[in-house]
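First comes the structure, then the notes that go with it.
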Amino acid sequence: MFQEYDVIVAGAGHAGSEAAAAAANLGNKVLLITMNMNTIAQMSCNPAMGGIAKGQIVREIDAMGGYSGIVSDKSMLQFRMLNKSKGPAMWSPRTQNDRMLFALTWREMLEHTPNLDFYQDTVQGILVKDNQVIGVKTNLGHEIKAKAVILTSGTFLNGIIHIGEKQFGGGRVAEKSATGITEQLVSLGFQSNRLKTGTPPRVDARSLDYSKMEIQKGDDIIPGFSYRDNVPKLDPEKQLPCHITYTNTEVHDLLKTGFDRSPMYTGRIEGTGPRYCPSIEDKINRFADKTRHQLFVEPEGFKTVEIYVNGFSTSLPEDVQYKALTKVPGFENVKMFRPGYAIEYDYFPPTQLKANLETKLIKNLFFAGQINGTTGYEEAACQGLMAGINAHLATKEAEPLILKRNEAYIGVLIDDLINKGTDEPYRMFTSRAEYRTLLRQDNADIRLTELSYKLGLAKEDRYQAVQEKKSAVASMIESLKQTSINPDDVNPYLEKIGSTPITEKQKLAKIILRPSVSLEEMVKEVPVLKDIINITNINNIQQSEIQIKYERYIEKEQEIVDKINQMESLVIPDSFDYNKITALGTEAIQKFNKIRPRTIGQAGRISGVNPADIQILMVHMGR
Amino acid sequence: MNYIPGNNQDTIVALATPQGSGALGIIRISGNEAFSIVNELFSAKDLVGQKTHTLHFGLLEYEGEIIDEVVLSLFRNPKSYTGEDVIEISCHGSSYIQQRILQVLIELGARMARPGEFTERAFFNGKMDLTQAEAVADLIASNSKAAQQTALKQLRGGFSEDLQKLRNELIHFAALIELELDFSEEDVEFVDRTEFMKLITTIKSATQQLIDSFRLGNVIKNGVRVAIIGRPNAGKSTLLNALLNEQRAIVSDIAGTTRDTIEETLNINGSIFRLIDTAGIREHSSDYIENLGMERSKSNAEESHIIIYLIDSTSKDDSYLDWLIPFKDKTISVLNKVDASDSDQVVALMEEKTVKISAKQKTGIEELKQLMYQMAIGTEIQTENTIVTNARHHDILLRIAESLDDIQTGMQSQLTGDLLAIDIRRCLHYLGEISGKVEHDRDILGTIFGKFCIGK
């Protein structure tokens, strides 16, 4: 009943959906297997996409022809550009999404993707021949053949849900977990470990008193995520607001009454949770001196009254959750729809992967998403995209696509994962990127679209648009660098913004370097600029300004990166015998033997390896 | 560092105990030829067949000259400090004897060890059972003098410790800046910019201190440059010979004999002094070659740590040269030929830095040596302050200072956090280049998660 596929994707969350879309769009025959066709691309946790660092990732996915940006744009109920007061490298788009519309839009887009088949079943294991994957077997007893398999198991592998003292198997509340895969992979030599994450209670909007909370509205302008201009954006007027409220000591005291029944504190949860996404009980426990914690009250959709209480993630007993919530301002009469819960699941420490997300042990077997120890829709989606692309390339025996750390947050993410591994759910932060000024949300298309276009994923229209943007910006920057402006023309503007007037002609680019000067404002205030640059395209004006303003800083970043890259160019021979180096520590020898770094630079990023070990290595390589 | 273990290496030698003081001194020689070289001097028995970890008593003789009565401790590779063949020669504590033994060993094919070279070899041969952190410190500071190993070990540890401290403080603030950037949506307090400015100022002054210490560090590592300057025939070459106890420069009574610069190495109290004898300075010389030599004298004087201004106290022409005045703080006035004159008439540059000698009679030489030592190293080496000895470190420190300047300027001009963070990262990077910890993102995130309650 099944043909032989090029690529099978097991799991249809954010990673699986992107993987299936990418592989299919690259011309592969793809089968997407999911336990439940009704929950394709579910947002299991908060109903939002993007945010700081994550928004940049969504833009990158979009620039490469992935779907997450378009789906988010089509299903948003609010848009905000975060960090607008910081520099442009920090600007981060974020949407609140209609949870149901999001999933529905994804499914619709996948169904419109050629070469993509669906099947509702649970993958139970993989088929392996000569250390190469050749297909999957399912709970319904099918053995389906494929050249490559991408596992995107999310929180489903041996998932255990905890609410207070209750504990039951499941991948999400009311959904079954997946068993068998971990056990099989371990028997094949893989290492697995446990992680934990959690989610807050959902409540009834009709029971809340918003007058006691702060309102948080969306932006007036909605640029959205997608670089494609044919994606319809929400009318800013139609955005739904979020609200902010706070816990207090009364809430904390009530929560503490449940600690003796908390799976966290009674030792029933073994997995490690993320430090940056702590449960509310963890917050009041670890930061006991804080008398209040912020809560975000987020609507789940246009057509539902369900509310997501962001910041109140918990696995305390339902009665404790409920009682504590009633003491939160605005929640006095709260009615709970669903309690919060914690979930533990299996992941495979990602140091077992190559840079193309293929496992080192089994050829053509790829992992993406939470199975690799990450957290977040965006982190999962971009891995799915890369796994989809690389599964395609692997079956064609072509060179893998590996994004570098200076090309994309995606590159930073994967490089971190495979080299450093992670022992808590890995989330992206801008501070993880050494090229932060380069990896902006405004230039993901310039960075990545051409690359993807050459691969055949990004389509012609995207490519043409980027080429036009590039050349328009380049010529605008050239004009700004070449053209001088008279004091009389520009001084009124400078005086208006409180910047020192100029006394003689000055190059425009030099004026733009002043922190308080905005080119976008200046073109409105200085009429002669119309003759010098094309002021019709605001995006290009912004882009030119950013590039001029950031030039010197990008050079500084480059200075550091060059120094690090010197290490990257020192290739360690495959045959290098670490055991023979007496001066290396035992731990370092073990790590080197396990990871077998390709370069000195990679060796230096391995956790647990000391600088001394690297210096010793370099000396032994004759450096 | 080009050391490849097991490759043909020079056999190195150095004094392992402080020079001059004490009843005994130990000279250590390490390398493939250690045994064959010492064997040529040791007359009591043939060392070739001797076992490791044995002691041998006898005379060291070279070309008929008996140098000293010594005890040899033999260590065969790999059971030695360096992992190579090592002999430790226990000799008498006279600095003449020690210098003579070193000289002879060098003539027979050993070479003077670079500072820290024994330790370096030990490290690369896997002999050092150091924690990895210590191994770094060792690698970084493979520059201490063997003769001052103990003292300098403390200095070494201190150096990376100091920087580690600064780095930790900076990481704390970097974390705060990053917190503003990555968690601006959160309910947390952000950077107190005034406090941050204070920290930057503190780090800057600490960095400046380290940069300043480089002069002394450089002196310890590369030796103290001493220029001997004086009017023609003041006896510069004779003085040089007296200091070195040997005949090197061409000595004659004809003024202006020395035309080439001669450089010699002298060990005073375990520190290296490089003596540069220069052509005599005459204000009006028609001799072209001599003029060239004088040019060189002037530039030597400028580059030197110490100038010995040699004055012929028998000569009527005792006025000092005008151009030495700018250097008066580093100049020692040496009144030569005091045995043949009434030296009270002579005016020196600075009274407290004046020594009377007779180079010919070798009087006053020891006094001069001690004054040189006092001026170059003196009390400074006793201080507990960290001393930077490595040119690379000095260079990096300059970059740290530069990035700190950028941070300050940025703060003053209200630069946005993302750009400020670049300068902070640069600063952290360079701090890391010295302490060996180049990666800092984990430290920053660790600080954030440890100190602030983040996360929706």
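The values are calculated or read from the model by the stated rules, or taken from the named source; none is laboratory data. None of these values were measured; they are calculated from a predicted model. Please note: Cβ atoms are built from the backbone with ideal geometry, for glycine as well, and neighbour counts cover all protein chains shown.
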Breaking point among (1) within 14 Å of chain B (Cβ to nearest Cβ); (2) assigned to a loop (DSSP other than H, G, I, E, B), for A:Arg552: (2)
Which residue out of B:Arg231, B:Arg225, B:Arg274 is within 25 Å of the chain's Cα centre (by Cα), crowded, with 19+ Cβ neighbours inside 10 Å and at pLDDT 70 or above? B:Arg225
Check A:Ser75, A:Ser68 and return the single one that is more than 24 Å from A:Tyr453 (Cα to Cα) and of a type in the set (Ser, Thr, Tyr). A:Ser75
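For the structure I just gave you, tell me whether A:Gly69 is facing chain B (nearest Cβ under 10 Å) and either touching a Pro at 6+ places or on another chain (Cβ under 9 Å) or surrounded by 24 or more Cβ atoms within 10 Å (Cβ to Cβ) (or both).
In short, no.
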Conditions (1) among the small types (Gly, Ala, Ser); (2) out of contact with any Lys or Arg (no Cβ under 9 Å at 6 or more places or on another chain); (3) at pLDDT 95 or above: number failed by A:Gly171: (3)
Could you go through the range A:312-326 and let me know if any residue there is more than 23 Å from the chain's Cα centre (by Cα), under 26 Å from A:Thr599 (Cα atoms), at pLDDT 95 or above and crowded, with 20+ Cβ neighbours inside 10 Å. no
Can you tell me which residues in the range A:145-161 are crowded, with 22+ Cβ neighbours inside 10 Å and either at positive phi or part of a strand (DSSP E or B) (or both)? A:Ala146, A:Ala148, A:Val149, A:Ile150, A:Leu151, A:Gly154, A:Leu157, A:Ile160, A:Ile161
Do we have any residue at all in the range B:402-411 that's loosely packed, with under 13 Cβ neighbours inside 10 Å, modelled with pLDDT under 75 and within 14 Å of another protein chain (Cβ to nearest Cβ)? no
Quick check, is A:Ile541 within 28 Å of A:Lys86 (Cβ to Cβ), of a type in the set (A, V, I, L, M, F, W, C) and in a loop (DSSP other than H, G, I, E, B)? no
For the range B:74-107, the count of residues that are hydroxyl-bearing (Ser, Thr, Tyr), closer than 30 Å to B:Asn245 by Cα and part of a loop (DSSP other than H, G, I, E, B) equals 1
Of everything in the range A:282-300 that's out of contact with any Lys or Arg (no Cβ under 8 Å at 6 or more places or on another chain) and not in a strand (DSSP E or B), which residue is surrounded by the most Cβ atoms within 10 Å (Cβ to Cβ)? A:Asp282
Residues of the range A:348-367 being of a type in the set (A, V, I, L, M, F, W, C) and closer than 22 Å to A:Arg275 by Cα, which ones? A:Phe348
List pairs: first residue in the range A:18-33 and over 15 Å from A:Asn390 (Cβ atoms), second residue part of a loop (DSSP other than H, G, I, E, B) anywhere in the structure, Cβ distance under 6 angstrom, at least six positions apart or on different chains. A:Lys29/A:Asn115; A:Leu32/A:Ala12; A:Ile33/A:Asp121
Applying the selection to the range B:35-51, what residues are part of a loop (DSSP other than H, G, I, E, B) and of a type in the set (D, E, K, R)? B:Lys45, B:Asp46, B:Lys51
Taking the range A:260-276 as the search range and keeping residues that are surrounded by fewer than 21 Cβ atoms within 10 Å (Cβ to Cβ) and more than 17 Å from A:Ile161 (Cα to Cα), which one is nearest to the other protein chains (Cβ to nearest Cβ)? A:Arg275
Which of the residues belonging to the range B:23-78 are closer than 20 Å to B:Ser94 by Cα and of a type in the set (Val, Ile, Thr)? B:Ile26, B:Ile27, B:Ile29, B:Val38, B:Ile66, B:Ile67, B:Val70, B:Val71
From the residues in the range A:586-617 that are surrounded by fewer than 18 Cβ atoms within 10 Å (Cβ to Cβ) and modelled with pLDDT under 75, which one is farthest from the other protein chains (Cβ to nearest Cβ)? A:Gly608
Okay, helices (runs of 4 or more DSSP H) sitting entirely in the range A:436-522 with 1 or more residues that are surrounded by 21 or more Cβ atoms within 10 Å (Cβ to Cβ) and under 30 Å from the mean Cα position of the chain (by Cα), I get A:444-455, A:460-482
Report yes if B:Asp443 is over 30 Å from A:Pro425 (Cβ atoms) and either modelled with pLDDT of 85 or more or charged (D, E, K, R) (or both), otherwise no. no
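Tell me the residue from A:Ile581, A:Ile546, A:Ile533, A:Ile554 that is touching a residue at least 24 places away in the same chain (Cβ under 8 Å) and in contact with a His (Cβ under 8 Å, 6 or more places away or on another chain), please.
Of A:Ile581, A:Ile546, A:Ile533, A:Ile554, the one residue that is touching a residue at least 24 places away in the same chain (Cβ under 8 Å) and in contact with a His (Cβ under 8 Å, 6 or more places away or on another chain) is A:Ile581.
Conditions (1) in contact with a Ser or Thr (Cβ under 9 Å, 6 or more places away or on another chain); (2) modelled with pLDDT of 65 or more; (3) surrounded by fewer than 19 Cβ atoms within 10 Å (Cβ to Cβ); (4) more than 30 Å from A:Thr430 (Cβ to Cβ), marked per residue:
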{"residue": "B:Ser142", "(1), (2), (3), (4)": "yes, no, no, yes"}
{"residue": "B:Lys145", "(1), (2), (3), (4)": "yes, no, no, yes"}
{"residue": "B:Ala151", "(1), (2), (3), (4)": "yes, no, yes, yes"}
{"residue": "B:Leu155", "(1), (2), (3), (4)": "yes, no, no, yes"}
{"residue": "B:Leu163", "(1), (2), (3), (4)": "yes, yes, no, no"}
{"residue": "B:Glu169", "(1), (2), (3), (4)": "yes, yes, yes, no"}
{"residue": "B:Ala175", "(1), (2), (3), (4)": "yes, yes, no, no"}
{"residue": "B:Asp182", "(1), (2), (3), (4)": "yes, yes, no, no"}
